[in-house]
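The values are calculated or read from the model by the stated rules, or taken from the named source; none is laboratory data. Quick caveat: nothing in here was measured; it's all calculated off a predicted structure. Ideal geometry is used to build each Cβ from the backbone, glycine not excepted, and the neighbour counts take in all protein chains shown.
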Amino acid sequence: MHTSQDRTSADNAILSGNAQPTTPEQKDHADNWALFSTCNIRGASWVNIMGWYQSAGDGSFFTVLNETVNGKQVPVLFSASGAEAWTDAHYYLSADLATAQKNTKYAEDHSRDDDDDSNSDSQSNDDDSSDQTDDNDSDSQQDDSDTQSDNDNNSVDTNDDNDDDDY
């Protein structure tokens, strides 16, 4: 993991599209390096991971928040991705807890359908697979595995680590 301060002028030229990775070192960076940054998403501190030369898309976001489960505070790892950092999964400390919580939506989850004025949509939240924003959009599609509970339709607003304002 590296920060943007680790980028060279040659890296920045590749990032801006003015050059391609041609040296073995640059190709290694493209294949094996990731950009690490932090950002504030709806009042919580998140880690953002992007490809070293990634300029489109927002990469993957991660944060751990304490949530109340059966009256106890439990750490939950949230992962998100996409242009608006849509929450795509929750991870728990045990498979049993993940199974029990697989359909849980938390206050920090924000569905694409909660504010469909973004004109952003995908088949993953259309019941009729029409890939359109419409009245058929659903919050209920879930998938789980071992210690993960997916929430494919949740989003949060993001900003970059160079800006102190929340979106």
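Which numbered condition trips up F62, out of (1) under 23 Å from T8 (Cβ atoms); (2) under 19 Å from the mean Cα position of the chain (by Cα)?
(1)
Of the conditions (1) under 15 Å from E108 (Cα atoms); (2) loosely packed, with under 12 Cβ neighbours inside 10 Å; (3) at pLDDT 95 or above; (4) not aromatic (F, W, Y), G43 satisfies every one except a single condition; which number is it?
G43 satisfies every listed condition except (3).
Could you grab the pairs with beta carbons closer than 7 Å, sequence gap of 6+ or different chains, first residue in segment 23-46 and hydrophobic (A, V, I, L, M, F, W, C), second one in a helix (DSSP H, G or I)?
Between residues of segment 23-46 that are hydrophobic (A, V, I, L, M, F, W, C) and residues that are in a helix (DSSP H, G or I), the close pairs are L35/S4.
Out of the residues in segment 65-98 meeting the condition of being polar (S, T, N, Q) and either surrounded by 15 or more Cβ atoms within 10 Å (Cβ to Cβ) or within 19 Å of the chain's Cα centre (by Cα) (or both), tell me which one is modelled with the lowest pLDDT.
Going residue by residue through segment 65-98, those that are polar (S, T, N, Q) are 66, 68, 70, 73, 79, 81, 87, 94.
Add one more test, that the residue is either surrounded by 15 or more Cβ atoms within 10 Å (Cβ to Cβ) or within 19 Å of the chain's Cα centre (by Cα) (or both), and what stays is 66, 79, 81, 87.
Details: N66: 96, S79: 92, S81: 86, T87: 89.
Once the filter is applied, the top-ranked residue is S81.
Restricting to segment 41-59, name every residue that is of a type in the set (S, T, Y) and either over 13 Å from the mean Cα position of the chain (by Cα) or over 22 Å from S4 (Cβ atoms) (or both).
Pass one, segment 41-59, residues of a type in the set (S, T, Y): 45, 53, 55.
Residues satisfying the conditions are Y53, S55.
Could you figure out which of (1) part of a strand (DSSP E or B); (2) more than 15 Å from R42 (Cα to Cα) isn't true of F62?
(2)
What pairs can you find where one residue is in segment 1-15 and over 11 Å from S37 (Cα atoms), the other is among the hydrophobic types (A, V, I, L, M, F, W, C) and not in a helix (DSSP H, G or I), and their Cβ atoms are less than 6 Å apart, with a gap of 6+ or different chains?
Hits for this filter: A13/A19.
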